[in-house]
Amino acid sequence: MKRTRSIYQAAWQGLSLSKIDQLMAAMPMAGKIDTLNWVEQYPAAPQTNFTLAHTDEILYVRFEVKGEVPLATKTHDLELVNEDACVEMFIANQDNTHYWNFEFNPAGVCNASHRKERKVDVVRLNAEQLSSIQRYGHQLCAAHWTLLVGIPLALIDLDLNKEHSRRANFYKCGDKTPMKHYASWNPIEAPAPAFHLPEYFGELQF
C-alpha cells in the first residue's frame, strides 16, 4: 500500500487560490497517478501528478497533467465529468465504512458524493456542499494543465486534533477523450476499470 503526506501550511490561511497554486507548484509532488492497472486494454495515460497541503480548515490538492488537451464539455456540477479529461480523489471516512468521491474536469466542474460502494448508500453532495469546494484551473499550454481544489475539512468530517491519516486514492481517467485511459495512484486489482474499490485505497497522512 502506498503512503503519501499532506503538508501543514498555517501561514496560508486567507491566501488567494492563485497564490496557493503558485506555492504548491514549487512543492515536491505527493505522488504520481501512473499505475496502469488495465494496461492491455488501456496502455497509456497522460503524465499526472498531485501535490497535497492543508490548513486548519482546508485540504488542498493540486493536480498537474501533461500530454492531454484539457477536454471539458461538462459545465454543471454533478454531471459526468469522468467523460471529460478527469482527475479524482476518493477519501474514506474515519472508520473506513464509507468514502467521498471527488471528480473534476479541467474547468473545475465537480461530481461528488458520499457512499459505501459504487451503487450502495450513494448520497450526492448538495448545492451548498459543492459550492464550498474551491477550484482554480490553469492551462499552461495546449496539452499541459493544472487544477487546484480546496476541500473543507468539515466536508469530509476530518478533525486534525483526533486524526492523523485517512485511506485515499487518486485517479486519472477520460471515458470520452481521444485517448481513453484509466490510471490510479495506488494499484487496483480488478479485471476491468473500477475506481470505487476502497479496499485498494492507499494512506494519506496529515
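Assorted remarks:
- Residues in the stretch 123-136 that are among the β-branched types (Val, Ile, Thr) and surrounded by 14 or more Cβ atoms within 10 Å (Cβ to Cβ): 133 only.
- Selection of the stretch 1-22 for residues being touching a residue at least 12 places away in the same chain (Cβ under 8 Å) and of a type outside the set (Ser, Thr, Tyr) yields 1, 2, 3, 5, 7, 9, 10, 12, 13, 17, 20, 21.
- Selection within the stretch 65-117 - farther than 12 Å from residue 196 by Cα, of a type in the set (Val, Ile, Thr) and in contact with a strand residue (DSSP E or B) (Cβ under 9 Å, 6 or more places away or on another chain): 65, 69, 81, 87, 109
- Identity of the residue in the stretch 59-88, out of contact with any Asp or Glu (no Cβ under 6 Å at 6 or more places or on another chain) and under 20 Å from residue 128 (Cβ atoms), that ends up surrounded by the most Cβ atoms within 10 Å (Cβ to Cβ): 59
- Tally of residues being surrounded by fewer than 18 Cβ atoms within 10 Å (Cβ to Cβ) and hydrophobic (A, V, I, L, M, F, W, C) across the stretch 157-171: 1
- For residue 117: the one exception among (1) touching a helix residue (DSSP H, G or I) at 6+ places or on another chain (Cβ under 9 Å); (2) in contact (Cβ under 8 Å) with a residue 60 or more places away in the chain; (3) within 15 Å of residue 59 (Cβ to Cβ); (4) surrounded by fewer than 18 Cβ atoms within 10 Å (Cβ to Cβ): (3)
- Residue count for the stretch 1-44, restricted to those that are more than 13 Å from residue 58 (Cβ to Cβ), in a loop (DSSP other than H, G, I, E, B) and either among the hydrophobic types (A, V, I, L, M, F, W, C) or touching a Cys at 6+ places or on another chain (Cβ under 6 Å) (or both): 10
- Within the stretch 96-107, residues that are over 11 Å from residue 149 (Cα atoms) sit with their Cβ atoms under 9 Å from residues that are among the aromatic types (Phe, Trp, Tyr) and part of a loop (DSSP other than H, G, I, E, B), at 6+ positions apart or across chains, in these pairs: 96/201; 99/201; 101/195.
- When residues in the stretch 147-206 are screened for being part of a strand (DSSP E or B) and not small (Gly, Ala, Ser), 17 of them pass.
- Residues being among the hydrophobic types (A, V, I, L, M, F, W, C), touching a residue at least 40 places away in the same chain (Cβ under 8 Å) and either surrounded by fewer than 18 Cβ atoms within 10 Å (Cβ to Cβ) or within 16 Å of residue 112 (Cβ to Cβ) (or both) - total across the stretch 137-147: 3
- Failed item, numbered, when residue 49 is tested on (1) among the polar types (S, T, N, Q); (2) buried (at least 17 other Cβ atoms within 10 Å of the Cβ); (3) assigned to a loop (DSSP other than H, G, I, E, B): (3)
Readers should treat all values here as calculations from the given coordinates under stated rules, not as data from a laboratory. This is a predicted model, so every value here is computed, not measured. Ideal geometry is used to build each Cβ from the backbone, glycine not excepted, and the neighbour counts take in all protein chains shown.
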